[in-house]
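Enquirer: Starting off with a structure, shown below.
Just so you know, all these numbers are worked out from the coordinates, no wet-lab data involved. Just so it is clear, the structure is predicted and the values come from calculations on it, not from any experiment. Positions of Cβ are backbone-derived with ideal geometry, glycine not excepted, and every protein chain shown enters the neighbour counts.
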Amino acid sequence: MYSEEIQFRRSPKAPFDRRTYAFLIDFVVVWIISSLITNIFLEFLIFTLLWLILRVIIVDKNKGQSLGRWAMDLKIVDVQFNRLPPLLNLTKREGIIAIGAFLMMIAFKINFQDFLLMILFATPLVLDGLTVFTDDQYNQAFHDRISGTIITQTKRGFSLDLRLKKLFREARKTWQKNRRKYK
């Protein structure tokens, strides 16, 4: 047990913002495809199926990274063994998130028509995500604690957030340079 704790101290914890961006990338991809269905029950089935493909099967085949986690340089690992979690743990984890994500999709569809109902549907996912702040050691959300997983940073990925920051920095410098030039 002691050697595992030492090992995880060396693995950088995933910041909340990067976890959120990774989730949003995966969520938007699944949401766009599944929202093409008009029947709510069929939509839930398609949403869940796509969610499990993107967040379980692809993660299993891609060494712990979904599309969003790859874009944000994150990966999911088993707390106990510091390796890719078993399929059952991944499915349990993503089943919990899929329910919250689907409810969030319904909240977005309500689109401020009934604000209280919108908040009610969004609450499970928000509370699940905010539990990250109650775990100083691993930054585990509720779904991570249930499935025995953590999200860690990795060098393998696309670094989308860092690339966008660099792009905006360069664009700002160019804009300021051009602004000074024409004054």
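Enquirer: Above 20 angstrom, tally the Cα pairs of the stretch 107-175 and express them as a % of all pairs, no decimals.
Expert: 61
Enquirer: Here's another thing I want to ask about it. Determine the dipole magnitude for the chain: charges of +1 sit on the beta-carbon of Lys and Arg, -1 on that of Asp and Glu, nothing else is charged, the reference point is the Cα centre, and the result goes in debye to the nearest 20.
Expert: 1640
Enquirer: Which value in nm describes the separation of the simple spin-label points at I106 and I146, placed 7 Å from the Cα toward the beta carbon?
Expert: Computed distance between label sites I106 and I146 equals 1.6 nm.
Enquirer: A further question follows. What's the magnitude of the charge dipole for the stretch 56-130 around its Cα centre, counting Lys and Arg as +1 and Asp and Glu as -1 at the beta-carbon? Answer in Debye, nearest 20.
Expert: The calculated dipole for the stretch 56-130 is roughly 280 debye.
Enquirer: Could you give log10 I(q)/I(0) at q = 0.08, 0.12, 0.17 Å⁻¹ for the stretch 2-181, computed by the Debye formula over C-alpha point scatterers of equal weight, without solvent?
Expert: For the requested q values the scattering log ratios are -0.30, -0.62, -1.08.
Enquirer: Around T149, which amide H atoms from residues at least 5 apart in sequence, or from another chain, sit under 5 Å from its own amide H, with H modelled in the peptide plane?
Expert: Placed amide hydrogens put V79 under 5 Å from T149.
Enquirer: A further question on this structure: For a quick check: with amide H placed at 1.01 Å from N, whose amide H comes under 5 Å from L74's, ignoring anything fewer than 5 positions away on the same chain?
Expert: Correct list: T154.
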